[in-house]
Amino acid sequence: MSDPSPPSPPPEFPPVEPTNFDLIVIGTGLSQSVIAAAASTAGKTVLHLDPNPFYGSHFSSLSLPELSSFLLSAPSQPSHSSPISDEYDVVPLSSRPLYSDVEISALPTELEDCSRRFCFDVSGPRVLFCADSAIDLLLKSGVNHYLEFKSVDVSLIYDGESGKFSSVPGSRAAIFNDKSLSLIEKLTLMGFFKLVQKHLGGEGEDVISEEDLESPFVEFLNKFRLNKNPLNQKIKWIILYAIALADYDQENLEVCKDLLKTKDGINRLALYHSSIGRFPNAPGAMLYPMYGQGELPQAFCRRAAVKGCIYVLRMPVAALLADKGSGLYRGVRLASGQDLFSHQLLIDPQFVIPQALALSKSGSLQVNSQNSIPKDIKMKVARGICITRTSLKSDALNLLIVYPPRSLYPEQVTSVRVLQLGSNSAVCPVGMFVLHLSSFCDDANQGKKLLKAAVDALFKQPSSVISEIKSSETPEDNSVDQGAVTEEEKPALVWTASYLQEITEESVSTISSSPCPDGNLSYNNLIDTTKKMFEQMFSGEEFFPDAPEDPDNVEDSAPE
């Protein structure tokens, strides 16, 4: 019997120079990449590491094989040598899984040749509103020059009573052109939007009272009357779940974990309306980055590199270095065995800081040294990805669908959002469509039930015979209008995946933990959180100071 093969030698890593930095960042997720770019712009020395061979971490866009590997891979602990030091202790850096209950269907033979031509968003579905803080940040930082966008053509909401989709009207013209709305519905909806516009424009005193602004938005909608005509259920659902994008059932206080106030609902309506028509070549309210959401963190990494940030991919961090006397953070030890030092450390949310490491920073949030980072799991989000060959609506490649609470089944307490992307977004081959689904949930059973109900409502189940994609052909993007679709006319489901993602809290200290992808459709909350983290980490530094005016950096050219 032959001797077993000797273990393969550890990979060789080139040494990193210099060895001292103002900030070391582990993971190239969106928040880490934005902070790295902002710190580099402020003149800080930054080292940005990622154990993965790609950018984006939990915000990445991956091919089908890469997605399976990323979701199913177990956290590993890199080995490291431990030379004796009189100055610092070596504390292992461990990680925890953020994904569970991963289910991925078998890949049809016909898709094997093109499996790497798909770009799946790990944190999808997600879009950028044309007037939101994420777009403003792209323009202010100049990162928009590294990106191209496609408009989301249509926004739909599902009516559980009729079993049909309705368009979401976002402008006066769209309201009056919508044939699914009656004349009374059009007039009432226009009257409500006019009231909101007057309030935002400051026309008249106390158009909407302070008491109403602090009240639940659903109560304010119930009170509204135009010539004694109230907003009916259909119109209220459009406003609450398709425009204001409420997550939980706003009419059931027993299950609603996030009750939307009137002032917040009005702000969301204002964002939606101001997004429509902001860019001439994007008529809708929403944009999607070509090649996937993973292009966003990669674009900020490019910006940071221009400002001097050093990038090293495929570089695991094995341990942290702590001062022997105070126990405070001093640096990191790479899997290569090299020690690097920094004033601050920003880590990916999957990493856990050992209790033995003291975390404190003057002027920042104080983190109890008995706790770990990330410390609390706030909630979970169920995510799904589907491949089909037929669009859900004729004449639309990219579209958004919202299933409001109780529209799929009576016990449904959260909205389910579905984003369909066609080949013009460069995320799939021609003739194919990628759909991302998500919904907040309490546990795996609830999450799976929500996703299954939406998938069953949208698709026929995979058949044993799937038509072949011929490499010599470029099939056209097919479509079927689900406004009045029968069970037989539903698109066939070619491939599907689903998983549960935990959402953890961010924290700031000498070691800061970046936020997970949340369950929101937009990046507004994430960008606001990231900005606050930067301001705490680098007190007195401006978050992307205004650059000199660039004639090429105009808003009209941002989405391409």
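The values are calculated or read from the model by the stated rules, or taken from the named source; none is laboratory data. No experiment lies behind these values; they were computed from the predicted model shown. A quick note on method: Cβ atoms are made from the backbone with ideal geometry, for glycine too, and the neighbour counts reach across all protein chains shown. Heads up: the accessible areas ignore ligands, DNA and RNA and are worked out on the full protein's heavy atoms, side chains in. Shrake-Rupley method; radii C 1.70, N 1.55, O 1.52, S 1.80 Å.
Applying the criterion of being in contact with a strand residue (DSSP E or B) (Cβ under 9 Å, 6 or more places away or on another chain) and small (Gly, Ala, Ser) to the residues of region 435-466, the residue that is modelled with the lowest pLDDT is Ser463. Is there a residue being part of a strand (DSSP E or B) and either under 22 Å from Leu287 (Cβ atoms) or at pLDDT below 90 (or both) anywhere in region 190-201? No: zero hits. Candidates in region 491-520 are the residues that are of a type in the set (A, V, I, L, M) and over 30 Å from Pro108 (Cα atoms); of these, the one that is nearest to the chain's Cα centre (by Cα) is Ile503.
Residues in region 31-59 that are under 24 Å from Glu502 (Cα atoms) and part of a loop (DSSP other than H, G, I, E, B): Pro51, Asn52, Pro53, Phe54, Tyr55, Gly56. Residues considered: Ser167, Ser133, Ser171. Of these, the only one that is open to solvent by 10 Å² or more (accessible area, probe 1.4 Å), in contact with a Leu (Cβ under 8 Å, 6 or more places away or on another chain) and either farther than 24 Å from Asn520 by Cα or not acidic (Asp, Glu) (or both) is Ser167. Within the span defined as region 295-310, every residue fails to be touching a Cys at 6+ places or on another chain (Cβ under 9 Å) and among the polar types (S, T, N, Q).
Hey, does region 260-270 have a residue that's assigned to a helix (DSSP H, G or I) and polar (S, T, N, Q)? Yes - at least one qualifying residue is present in region 260-270. For region 408-427, a residue qualifies if it is surrounded by fewer than 22 Cβ atoms within 10 Å (Cβ to Cβ) and under 20 Å from Lys460 (Cα atoms), and the qualifying residues are Leu408, Tyr409. For region 496-525, the candidate set comprises residues that are open to solvent by less than 20 Å² (accessible area, probe 1.4 Å), modelled with pLDDT of 95 or more and not in a loop (DSSP other than H, G, I, E, B); within that set, the residue that is farthest from Leu30 (Cα to Cα) is Ala497. Can you tell me which residues in region 309-331 are part of a loop (DSSP other than H, G, I, E, B) and either in contact with a His (Cβ under 8 Å, 6 or more places away or on another chain) or open to solvent by less than 50 Å² (accessible area, probe 1.4 Å) (or both)? Across region 309-331, the qualifying residues are Cys309, Met315, Pro316, Gly327. Scanning region 203-235 for residues that are surrounded by fewer than 16 Cβ atoms within 10 Å (Cβ to Cβ), acidic (Asp, Glu) and not in a loop (DSSP other than H, G, I, E, B) turns up Glu210, Glu211, Glu219.
One residue alone among Leu72, Leu67 is modelled with pLDDT of 95 or more and farther than 22 Å from Ser342 by Cβ, and that residue is Leu67. When we screen Gln298, Gln344 for residues that are open to solvent by 50 Å² or more (accessible area, probe 1.4 Å), farther than 30 Å from Pro216 by Cα and either touching a helix residue (DSSP H, G or I) at 6+ places or on another chain (Cβ under 8 Å) or among the small types (Gly, Ala, Ser) (or both), the only hit is Gln298. How about region 136-153: which of its residues are touching a residue at least 12 places away in the same chain (Cβ under 8 Å) and either more than 25 Å from Ala426 (Cβ to Cβ) or open to solvent by 30 Å² or more (accessible area, probe 1.4 Å) (or both)? Result: Lys140, His145, Tyr146, Glu148, Lys150, Asp153. Can you confirm whether Ile157 is surrounded by fewer than 20 Cβ atoms within 10 Å (Cβ to Cβ) and of a type in the set (Val, Ile, Thr)? Answer is no for this residue. Of Leu200, Leu253, all but one fail to be without any contact (Cβ under 8 Å) to a residue 12 or more places away in the chain, open to solvent by 60 Å² or more (accessible area, probe 1.4 Å) and of a type in the set (A, V, I, L, M, F, W, C); the exception is Leu253.
Select from region 442-460 the residues that are within 20 Å of the chain's Cα centre (by Cα) and crowded, with 22+ Cβ neighbours inside 10 Å and write down the one among them that is farthest from Ala242 (Cα to Cα). Among those that are within 20 Å of the chain's Cα centre (by Cα) and crowded, with 22+ Cβ neighbours inside 10 Å, it is Gly447.
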